Amino acid sequence: KAGVTQTPRYLIKTRGQQVTLSCSPISGHRSVSWYQQTPGQGLQFLFEYFSETQRNKGNFPGRFSGRQFSNSRSEMNVSTLELGDSALYLCASSLGGHQPQHFGDGTRLSIL
Amino acid sequence: AQKITQTQPGMFVQEKEAVTLDCTYDTSDPSYGLFWYKQPSSGEMIFLIYQGSYDQQNATEGRYSLNFQKARKSANLVISASQLGDSAMYFCAMREDQTDSWGKLQFGAGTQVVVTP
């Protein structure tokens with residue numbers, strides 16, 4: 001069974017640009033969550049989607065947004081990039097409920 | 001307030017020895033889940049073990065076991081017979097089961113484990 005797939009693996013952008021990251025969950029998983037990981041703040045929850053609806057959102061500015069498609073694939077978008085947005089962005093999927101989240105390999109975003 | 005506390009930033013352990021990684025949590029939700037993940041230097045997060053707040057027995061998965069002490073709000077991970085491939089960062093995480101929080105994990109700061117020959 002294929003795992004969670006995130007694309008691209010690496011990305012370099014400059015301040016002010018915008019970026020879109022993609023996540024394909026494990027087949028059959030309808031819940032997709034996004035996390036930001038930085039050395040200073042650790043792992044922080046961004047948002048979660050279930051059946052195309054955002055169910056929960058972390059404490060991030062409105063520049064961070066996401067969506068989920070009918071096939072459960074999800075994208076997150078960051079507009080007007082700042083240096084502090086440099087991070088590893090991790091996507092996780094699960095069957096929902098009490099099932100564990102399974103993570104992708106992440107997208108490492110660097111802002112110059 | 002910090003919901004998950006991992007007090008050991010790093011530790012060395014000799015191959016074949018057992019190691020215990022500490023995790024304490026804070027929640028007023030009566031229903032919650034506790035998870036441990038492993039993150040090697042390559043970056044991927046690998047799910048290791050899960051313990052539900054209502055589970056009567058401590059969870060075990062192969063060489064991993066979770067020492068769950070509910071009254072103390074403690075969920076320590078025990079790795080038996082350490083292997084060189086166990087060298088990684090280990091994260092404790094909690095999910096509170098209140099409505100709409102199933103997809104949100106709150107993570108501790110992590111413990112870096114280095115297994116030496």
(message) Being touching a helix residue (DSSP H, G or I) at 6+ places or on another chain (Cβ under 8 Å) and either within 11 Å of chain A (Cβ to nearest Cβ) or assigned to a loop (DSSP other than H, G, I, E, B) (or both) is the filter here; which residues of segment B:107-117 pass it?
(response) B:PRO117
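Which one is farthest from A:GLY16 (Cα to Cα), of the residues in segment A:43-56 that are surrounded by fewer than 17 Cβ atoms within 10 Å (Cβ to Cβ) and of a type outside the set (Val, Ile, Thr)? Break it down into steps so the answer makes sense when it comes.
Restricting attention to segment A:43-56, the residues satisfying the condition of being surrounded by fewer than 17 Cβ atoms within 10 Å (Cβ to Cβ) are A:44, A:51-54.
Checking the rest, the ones that are also of a type outside the set (Val, Ile, Thr) come to A:44, A:51-52, A:54.
Numbers: A:GLN44: 22, A:SER51: 31, A:GLU52: 28, A:GLN54: 26 Å.
Among residues in segment A:43-56 that are surrounded by fewer than 17 Cβ atoms within 10 Å (Cβ to Cβ) and of a type outside the set (Val, Ile, Thr), the one farthest from A:GLY16 (Cα to Cα) is A:SER51.
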(message) Criterion first (within 24 Å of B:GLN6 (Cβ to Cβ), free of Cβ contacts under 8 Å to residues at least 24 places away in the same chain and among the aromatic types (Phe, Trp, Tyr)) does A:PHE69 satisfy it?
(response) no
(request) Could you check how many residues of segment A:74-101 are modelled with pLDDT under 95 and surrounded by fewer than 22 Cβ atoms within 10 Å (Cβ to Cβ)? (result) 6
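Quick check on segment A:1-13. Is at least one of its residues β-branched (Val, Ile, Thr), part of a strand (DSSP E or B), closer than 28 Å to B:GLN2 by Cβ and more than 10 Å from chain B (Cβ to nearest Cβ)? Break it down into steps so the answer makes sense when it comes.
Filtering segment A:1-13 for residues β-branched (Val, Ile, Thr) gives A:4-5, A:7, A:12.
Subset that is part of a strand (DSSP E or B): A:5, A:7, A:12.
If we keep only those that are closer than 28 Å to B:GLN2 by Cβ too, we end up with none.
Looking through segment A:1-13, none of the residues is β-branched (Val, Ile, Thr), part of a strand (DSSP E or B), closer than 28 Å to B:GLN2 by Cβ and more than 10 Å from chain B (Cβ to nearest Cβ).
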(request) Give segment B:77-117 a look and list any residue that's charged (D, E, K, R) and either at pLDDT below 95 or in contact with a Ser or Thr (Cβ under 6 Å, 6 or more places away or on another chain) (or both), or say none. (result) B:ARG95, B:GLU96, B:ASP97, B:ASP100, B:LYS104
(message) Go through segment A:30-59 and report how many residues are in contact with a Lys or Arg (Cβ under 6 Å, 6 or more places away or on another chain) and free of Cβ contacts under 8 Å to residues at least 24 places away in the same chain.
(response) 4
(request) Identify the residue in segment A:62-112 that is among the basic types (Lys, Arg) and either within 7 Å of chain B (Cβ to nearest Cβ) or part of a strand (DSSP E or B) (or both) and, among all such residues, is nearest to B:GLU44 (Cα to Cα). (result) A:ARG108
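Restricting segment B:79-106 to residues that are within 16 Å of B:SER41 (Cβ to Cβ) and in a strand (DSSP E or B), which is nearest to the other protein chains (Cβ to nearest Cβ)? Break it down stepwise before answering.
At the first step, the residues of segment B:79-106 found to be within 16 Å of B:SER41 (Cβ to Cβ) are B:83-91.
Then keep just the ones that are in a strand (DSSP E or B); that gives B:88-91.
On the way: B:ALA88: 13, B:MET89: 10, B:TYR90: 12, B:PHE91: 7 Å.
It comes out as B:PHE91.
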(request) Identify the single condition in (1) surrounded by 13 or more Cβ atoms within 10 Å (Cβ to Cβ); (2) assigned to a loop (DSSP other than H, G, I, E, B) that B:ARG72 does not satisfy, given that it satisfies every other one. (result) (1)
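Working only within segment A:41-61, note down all residues that are within 11 Å of another protein chain (Cβ to nearest Cβ) and outside any strand (DSSP E or B).
First pass over segment A:41-61, keeping only residues within 11 Å of another protein chain (Cβ to nearest Cβ): A:41-50, A:53-58.
If the condition is that a residue be within 11 Å of another protein chain (Cβ to nearest Cβ) and outside any strand (DSSP E or B), then A:GLN41, A:GLY58 are the ones that fit.
The values are calculated or read from the model by the stated rules, or taken from the named source; none is laboratory data. Computed from a predicted structure; not experimentally measured. Because the Cβ atoms are built from the backbone with ideal geometry, glycine has one as well, and the counts that use them run over all protein chains shown.
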